[in-house]
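Notes to accompany the following structure.
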Amino acid sequence: MEREGRRIYIFDTTLRDGEQSPGVSLNVQEKLEIARQLAKLKVDVIEAGFPIASPGDFEAVKAIAQEIEGPVIAALARINEKDIDRAWEAVKYAARPRLHVFIATSDIHMKHKLRMTREEVLAAVQRGVTYAKQHCQDVEFSPEDASRSDPDFLCQVLELAIASGATVLNIPDTVGYATPPEFGRLIALIRQRVRGIEGVTLSVHCHNDLGLAVANSLAAIENGATQVECAVNGIGERAGNTALEEIVMALFTRYDYYRCKTGIVTEEIYRTSRLVSTLTGMPVQYNKAIVGKNAFAHESGIHQDGVLKERTTYEIMNPAMIGLVQSNIVLGKHSGRHALRTRLAELGFNLTEAELEKAFQRFKELADRKKEITDRDLEAIVEHEIRHIPEKYALEHLHISTGTHVIPTATVGLKVGDQVWEEAACGEGPVDATFKAIDKITRLPLALKSYSLNAVTGGKDAMGEVTVQVEYEGRTFIGRGISTDILEASARAYLNAINKLVYDVGEENLHYVDEVNNGNARTGVNT
Ligand SMILES: CC(=O)SCCNC(=O)CCNC(=O)[C@H](O)C(C)(C)COP(=O)(O)OP(=O)(O)OC[C@H]1O[C@@H](n2cnc3c(N)ncnc32)[C@H](O)[C@@H]1OP(=O)(O)O
Ligand SMILES: CC(C)C(=O)C(=O)O
Ligand SMILES: [Mg+2]
């Protein structure tokens, strides 16, 4: 049934504010892959990055602008000519480009951070928006820290931005300070007071420091905002941004109340969430609304009884609406390619023949060790084994000797081109020994910043998923590996991070350490 009602535009900032999450660093290929998925999800705007921030960000915005069709592609810039020029250089290739310029308007930011007076900020807004408009028809302006700004001054700034050519005014609750009634009132006030507001899109950008980002965005919608800025899984600076999946499903499920609709293909939500989690290395908390592992799980008897009798007793959303599909195909060691292809297609993965063959090999290896292969196992296989950057180092073999009264020792064989290189090392534990043996082969000066292990599914034969963060010359790289053997998963995760590093930095730019004393080039957490 086609819904009537006000259209709310979804501006996705996963690749810009989302990437500002501590520890997250995506390369150009990863950003492109997320952007392709965001286009399938049918977001209205993709904020692809902040081009002045780094050459990598510049290249990612440019690649997304060149390739992605459908959504508006936005690039962020501070309100100065250098930033705007750089942003335009990258985003100009898009069919529908947008320049997003910002400057803070709260007294605290102007005084301490910008060291500018109100008059200077007003002049910068006029100059910056006018300059951006000379490049691009579509200019979004954000008064950073709007919710802590003097409302009179804020309205003055917004009016000036419209007069200078802004097409979108975005009101950020930059530090997640506002409460829903207060933020709603601010949006109402802006709609009442700012001349020309009816001719532009009114947007909001909320942060989650008090866990109120979604509530504040909904309050803004109730008071007339028509664009919401959000990020998949709610990632972003500090406690993150408004979660895309939550705002979209709140509007969808409570259409009876909000009478608003989005253009989002909700069935793509779960896949998008998994992809962003995999590529950013940021796990989704189990009890996260909509996309958490427990979001549709019923544990207690009374609930289970209710759901069995009538699903809607305890489920306000149908899991199929976000793309969580049940199947009656049980996959195991006796399944063939047809069944695998069908199930993967049901899960939304349409693989090429070569990818399917690779997935099938990994699936069979796993089925030898595991009785039943679950959807999460399949997703993990596709996410880890199929979507990956070129592998300079591939795990050939791993032998570990460990126990309560022995020094853990690892022997690792890595395939490099058509040769196999082998090294052995001792360590504090078996994982440490494995990483040291790998370090001896790669001779890269790495620091291990974090290591985490999760079970992908339940049971004794669950697959372990290891995520590592390694630092190389000040840059962080995230690697993930899966296996029913957690030591193998650890080795795969470490190699995944190294392969990303080699791909991103470029082999010709790598610096090696001459002598790796039992792998001691690596520093960091003990594993
Ligand atoms: C609320 C937000 O999310 S804003 C977006 C935040 N994102 C980022 O910061 C992306 C990553 N950032 C970076 O890579 C770097 O900070 C860069 C490349 C953008 C700038 O680096 P640097 O030039 O070394 O400046 P640095 O980050 O140390 O300081 C920021 C400068 O920008 C100024 N500034 C901050 N916001 C603005 C603005 N909107 N317009 C103009 N100037 C601004 C600050 O006052 C400071 O100026 P100063 O050097 O004269 O004191
Ligand atoms: C750049 C702006 C919109 C921002 O991210 C914020 O204020 O939080
Ligand atoms: Mg922000």
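Values quoted throughout were computed directly from the atomic coordinates according to the rules given, and no laboratory measurement underlies them. Source: prediction; values computed, not measured. Positions of Cβ are generated from backbone atoms using ideal geometry, with glycine treated the same way; all protein chains shown enter the neighbour counts.
Computed values, structure above
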quantity: Under-5 Å amide H pairs with GLY464, H placed in peptide plane, nonlocal only; calculated: VAL456, SER483, THR484, ASP485
quantity: Expected-Rg normalisation [2.2 N^0.38 Å, Cα atoms] applied to the stretch 325-386; calculated: 0.97
quantity: J(HN,Hα) series, the stretch 142-156, from Karplus relation 6.51 cos²θ - 1.76 cosθ + 1.60, nearest Hz, glycine and proline x; calculated: 10, x, 4, 6, 4, 5, 10, 8, 5, x, 5, 5, 4, 5, 5
quantity: Percent breakdown of C-alpha pair distances by 20 Å bin, ordered from the shortest bin, for the chain; calculated: 21, 50, 27, 3
quantity: Gain on full stretching of the segment that runs from LYS113 to VAL265 - 0.36 nm per residue minus C-alpha separation; calculated: 50.7 nm
quantity: 0 to 90° range, to nearest 10: angle between helix 213-222 axis and the chain longest Cα axis; calculated: 40 degrees
quantity: For the stretch 6-280, alpha-carbon Rg and Dmax in angstrom; calculated: 17.0, 48
quantity: Order of CYS426, CYS230, CYS155 under a 10 Å beta carbon neighbour criterion, fewest first; calculated: CYS426, CYS155, CYS230
quantity: Fewest-first sequence of HIS135, HIS334, HIS397 by Cβ atoms within 10 Å of each Cβ; calculated: HIS334, HIS397, HIS135
quantity: For the stretch 202-259 versus the stretch 4-43, the gap between their alpha-carbon centres in whole angstrom; calculated: 15 Å
quantity: Modelled FRET efficiency - R0 22 Å, VAL307 with TYR257, Cβ distances, 0.05 increments; calculated: 0.35
quantity: Cα gyration tensor, the stretch 86-184 - rounded (a/c under 1.5), prolate or oblate; calculated: prolate
quantity: Table column - 3J(HN,Hα) (Hz), the stretch 13-27, Karplus curve with 6.51, -1.76, 1.60, x for Gly and Pro; calculated: 10, 3, 7, 10, 5, x, 6, 6, 4, x, x, 8, 8, 9, 8
quantity: Residues LEU160, LEU279, LEU41 arranged by fewest to most Cβ contacts within 10 Å; calculated: LEU160, LEU279, LEU41
quantity: Using a Förster distance of 35 Å, the FRET efficiency for GLU182-ARG369 (Cβ separation, nearest 0.05); calculated: 0.05
quantity: Gained length - ALA447 relative to VAL416, 0.36 nm times residue gap less alpha-carbon distance; calculated: 9.0 nm
quantity: The chain - charge dipole about Cα centre, Lys and Arg +1 at Cβ, Asp and Glu -1, debye rounded to 20; calculated: 720 debye
quantity: Cα-based Lys pair tally, the stretch 6-280, threshold under 20 Å, eight or more apart or on separate chains; calculated: 15
quantity: THR404 versus SER300: modelled label distance in nm, points set 7 Å from Cα along the beta carbon direction; calculated: 4.1 nm
quantity: Principal axis dimensions, the stretch 393-524 - Cα atoms, whole angstrom, descending; calculated: 45, 31, 30
quantity: Helix 244-253 vs. the chain, principal-axis angle (Cα, 0 to 90°, nearest 10); calculated: 70 degrees
quantity: Within the chain, helix-based [θ] at 222 nm, where runs of 4 or more DSSP H residues each add -39,500 (n - 2.57), nearest 500; calculated: -11500 deg cm²/dmol
quantity: Projected label distance in nm at LYS40 and LEU189, using a 7 Å step from Cα toward the beta-carbon; calculated: 4.4 nm
quantity: Helix 337-346 vs. the chain, principal-axis angle (Cα, 0 to 90°, nearest 10); calculated: 20 degrees
